[in-house]
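Undergrad: Below is the structure I would like to discuss, written out as structure tokens.
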Amino acid sequence: MKITFRQVDAFRSVVSTGSVTEAATMLGISQPAVSRLIADLEAEVGFALFQRSGRVLIPTDEARLLVQEVRQAVSGMEHIKQAATAIGSFGHARLSLVTTPAFATQLAPDLISSFALACPEARARLEFEANDDSVEWLVSQSFDFGITSSVPSNPSFNSLMLSDDDVYCVLPKGHRLEDKSVIHARDLADESFISYMGSSRFRFEVDRFFDAKSISRSLKYETRTTDGVCRLVARGLGVSIVGMSKGRSETVPGCAVLPFAAPLNFQTVLFWSNNRPLSAVANIFLEIAKDTLSTD
């Protein structure tokens, strides 16, 4: 028995409309073509499918049984088409990104926003972790990407350097050091200092730099993000050392941002595990991240 989809479609249409004419219009083919498809199907199944009553075709009892199976089969085909469409538009896909708080307020949301424009049907998950080590562990387990302030030393990761920014001294407007062209470590001796949290690798590098020069600061305040640091500085609670792009350094509300003389930098590193292949949406996200390098 060789039954074609065109025969089944013609049969279903005639059952639905009760007319070869209307079925032909629905299918966009001629009436003789519909009649031929029905006749061919009857020849294949071995029984009559319709009885004529005037201009109306009435399905036989056998046809009523058969059409139930046909409708289920067609429904299955529609489901397959819908699934294929969803897969093709990444409706099934999910991207997961984890970052330290330093990148939680601007960079990570910007990347997710660009990804949403490229893959509007895909889902995305953005998670924050307190320190670089936690981020690396999550990427090694299940997350697609991580963003931290240094290149992972673990060889099981691939990485992309998104930025390697200079460090700046952030002062509240009207501070005694505001008119200097460059801030040195000795200028900040005994100043109230606003730090990143102790879990930050950048905080470790800053503290080590001041300790090596035996310069003490009043470490009274700490927070997780650069935005948080600058807000506290703007309120006159202290000074700080932060990493940021030159463009952003010129637009920090309530603060004077000056170059800081130190062999320090503030990196932004996107990384992913090389122990598993990237999904299609993950590769799109990686290309978006690479594009940020050419537009910065």
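The values are calculated or read from the model by the stated rules, or taken from the named source; none is laboratory data. The model shown is predicted, which means the values in this text are computed figures rather than measured ones. Don't worry about glycine lacking a Cβ; one is built from the backbone with ideal geometry, like all the others, and counts go over all protein chains shown.
Undergrad: Of all residues in the stretch 191-228, how many are of a type in the set (Lys, Arg) and within 17 Å of ASP132 (Cα to Cα)?
TA: Residues meeting the conditions: 3.
Undergrad: Would you be able to tell me the number of residues in the stretch 218-257 that are of a type outside the set (S, T, N, Q), within 22 Å of THR292 (Cα to Cα) and assigned to a loop (DSSP other than H, G, I, E, B)?
TA: 3
Undergrad: Mind listing whichever residues of the stretch 259-269 are over 27 Å from the mean Cα position of the chain (by Cα) and crowded, with 20+ Cβ neighbours inside 10 Å?
TA: PHE260
Undergrad: Also, quick follow-up: Hey, any hits in the stretch 181-199 for a residue that's farther than 22 Å from PRO263 by Cα, not in a loop (DSSP other than H, G, I, E, B) and not hydroxyl-bearing (Ser, Thr, Tyr)?
TA: No, every residue in the stretch 181-199 fails to be farther than 22 Å from PRO263 by Cα, not in a loop (DSSP other than H, G, I, E, B) and not hydroxyl-bearing (Ser, Thr, Tyr).
Undergrad: When THR268 is evaluated against the numbered criteria (1) at pLDDT below 90; (2) part of a helix (DSSP H, G or I), which criterion, by number, is the only one it fails?
TA: Answer for THR268: the failing condition is (2).
Undergrad: Scanning the stretch 207-234 for residues that are more than 18 Å from CYS255 (Cα to Cα) and touching a Ser or Thr at 6+ places or on another chain (Cβ under 7 Å), which turns out surrounded by the most Cβ atoms within 10 Å (Cβ to Cβ)?
TA: LEU219
Undergrad: Right, here's the next one. Check whether at least one residue in the stretch 113-132 is within 19 Å of THR225 (Cβ to Cβ) and modelled with pLDDT of 90 or more, and report yes or no.
TA: Yes - at least one qualifying residue is present in the stretch 113-132.
Undergrad: Would you check if there is a residue in the stretch 166-174 being touching a residue at least 12 places away in the same chain (Cβ under 8 Å) and touching a Cys at 6+ places or on another chain (Cβ under 6 Å)?
TA: yes
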